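What follows is a single structure, written as structure tokens, with notes after it.
Read the figures in this text as sums done on the coordinates, not as results from a lab. Model, not experiment: these values are computed from the prediction. Every residue, glycine as well, gets a Cβ built from its backbone with ideal geometry; the counts of neighbours run over all protein chains shown.
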Ligand code: GAR
């Protein structure tokens, strides 16, 4: 049986699209069971609908974090989701959510964590003056961009870069790295040694 992914997003949805494209092209053995957004206007929801996927909006505005997360987890359970992929989902998860999907929630961040967590990682990196940045895919815990790191991809920061050009270079890596990590995690060929994710050959 194919493993079932639940995608959570808040906006554009290009990482979600890359995952969906890789599944469609046979590069990733999995299926997208549901796409959930906390924002009704998220372009990612529209893309999901166009692709004939189940797309659900659960607005988060004004709701207590755990109350909201219980609604999301119920939706994920209803669609028998095995692995939750945060793809530009701009919310912290509660301890409840993290417990319910223990070591089965992934996030992608556009910087080399633990540098530049939170919003606008690319802007933070550029402002700081680093010469190398990139993206990180990690397991999610209840802290911001914090859980065990699975894969990182580095890109150079050029003298001529703007936030836009750096973001585009990082995004191209994000689109490949996320699928690679989903494949690794679903294969089960990894273990946790403290905070270290050890990937078996
Ligand atoms: C991506 O760059 C992702 O790494 C970032 O949001 C963007 C979403 O783009 N996530 C974070 O900053 C999480 N802290 P997308 O909607 O096109 O996939």
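Among the criteria (1) away from the ligand (no atom under 15 Å from the Cβ); (2) in a helix (DSSP H, G or I), the one residue 17 does not fulfil is (1). When region 132-152 is filtered for residues that are assigned to a loop (DSSP other than H, G, I, E, B) and either in contact with a strand residue (DSSP E or B) (Cβ under 7 Å, 6 or more places away or on another chain) or crowded, with 22+ Cβ neighbours inside 10 Å (or both), the ones remaining, listed by number, are 140, 145, 147, 148. The set of residues in region 173-188 that are without any contact (Cβ under 8 Å) to a residue 12 or more places away in the chain and either in a loop (DSSP other than H, G, I, E, B) or within 11 Å of residue 110 (Cα to Cα) (or both) contains only 188.
Tell me, which residue of region 76-102 that is more than 16 Å from the ligand (Cβ to nearest atom) and in contact (Cβ under 8 Å) with a residue 60 or more places away in the chain is surrounded by the most Cβ atoms within 10 Å (Cβ to Cβ)? Applying the filter and picking the extreme gives 76. Inclusion of residue 169 among residues that are without any contact (Cβ under 8 Å) to a residue 60 or more places away in the chain and in a strand (DSSP E or B) is not warranted. Can you tell me which residues in region 22-62 are under 16 Å from residue 178 (Cα atoms), surrounded by fewer than 16 Cβ atoms within 10 Å (Cβ to Cβ) and touching a helix residue (DSSP H, G or I) at 6+ places or on another chain (Cβ under 8 Å)? Selection gives 27, 29, 31. Number of residues in region 38-59 that are part of a loop (DSSP other than H, G, I, E, B), without any contact (Cβ under 8 Å) to a residue 40 or more places away in the chain and either touching a strand residue (DSSP E or B) at 6+ places or on another chain (Cβ under 7 Å) or under 18 Å from residue 93 (Cβ atoms) (or both): the value is 7.
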